[in-house]
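S.K.: Below is a structure I'd like to ask you about.
Throughout, read-outs are computed from the coordinates displayed, never taken from laboratory work. Model, not experiment: these values are computed from the prediction. Neighbour counts run over all protein chains shown; Cβ positions are idealised from the backbone, glycine included.
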């Protein structure tokens, strides 16, 4: 199953970091948060990624173009420029880097990947959040309910998209509510290809018309995750994640188990 990681936004609420780099390239430890997210999926056996690019997408391309050589030890012959690699320590991933427009919204970026995603269910998450959600359990949940879409619901501060339930069925999806049941949109979606039909064009926010419509039609289910989750919404969030990583308390580092 393919994994889409949205990586094209401007990251304006983190301008201290994102004036010069795209938000998914903000570093935790010595690696961008995008790498942390990919390591999480790869730990559960999912190694094919599609990254829709926008703002400063060339920096994400540069990272992956150089990823293989910078991840390994090697010897350079300066006379002729030949390189001999030693022990291979690079991750075995397939990464599709697709330009999807500078101003395109979250839903529009998915819509532009139609040809890449129409052959079966796929996963999607945002390029600024980490979690210890069990990806295999998430997929099993999605397959069991038979609906078009699954959203991972988590319980952080109420500044994100709120979810209202009947059992595990999402009956209302509200972006950034003031009140709710305490569950919010934590990303980590599983979608059937038919979800792309709910997206109109580049101006469509995934979190508004498409998910609201899916909820009203009974086609959006929630996988409730009680474990770790955090996104980088501001500098305070970034410092928190960096502190966890530097002190060995990064609960999202499931690949280190």
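S.K.: Quickly run through segment 112-128 and pick out the residues that are touching a helix residue (DSSP H, G or I) at 6+ places or on another chain (Cβ under 6 Å) and crowded, with 22+ Cβ neighbours inside 10 Å.
M.R.: Answer for segment 112-128, where residues must be touching a helix residue (DSSP H, G or I) at 6+ places or on another chain (Cβ under 6 Å) and crowded, with 22+ Cβ neighbours inside 10 Å: 127, 128.
S.K.: Being closer than 20 Å to residue 106 by Cα and in contact with a strand residue (DSSP E or B) (Cβ under 8 Å, 6 or more places away or on another chain) is the filter; apply it to segment 54-68 and report the residue that is surrounded by the most Cβ atoms within 10 Å (Cβ to Cβ).
M.R.: Taking the candidates together, the pick is 60.
S.K.: Could you tell me which residue of segment 140-156 is surrounded by the most Cβ atoms within 10 Å (Cβ to Cβ), considering only residues that are out of contact with any strand residue (DSSP E or B) (no Cβ under 6 Å at 6 or more places or on another chain) and over 18 Å from residue 231 (Cβ atoms)?
M.R.: So the residue we want is 148.
S.K.: Which residue out of 207, 226 is farther than 14 Å from residue 147 by Cα, touching a residue at least 12 places away in the same chain (Cβ under 8 Å) and crowded, with 16+ Cβ neighbours inside 10 Å?
M.R.: After ruling out the rest, the residue left standing is 207.
S.K.: Just checking, does segment 91-111 include any residue being surrounded by fewer than 20 Cβ atoms within 10 Å (Cβ to Cβ), closer than 28 Å to residue 244 by Cβ and more than 16 Å from the chain's Cα centre (by Cα)?
M.R.: yes
S.K.: I'd like the residue in segment 204-257 that is over 20 Å from the mean Cα position of the chain (by Cα) and assigned to a loop (DSSP other than H, G, I, E, B) and, out of all such residues, is nearest to residue 46 (Cα to Cα).
M.R.: Ranking the candidates gives 257 first.
S.K.: Taking interchain pairs and intrachain pairs at least six residues apart, which have beta carbon atoms under 6 angstrom, with the first residue in segment 134-145 and within 16 Å of residue 41 (Cα to Cα) and the second in a loop (DSSP other than H, G, I, E, B)?
M.R.: 135/44; 136/44
S.K.: Considering only residues that are assigned to a helix (DSSP H, G or I), within 21 Å of residue 116 (Cα to Cα) and in contact with a helix residue (DSSP H, G or I) (Cβ under 8 Å, 6 or more places away or on another chain), which ones fall in segment 38-50?
M.R.: 41, 42
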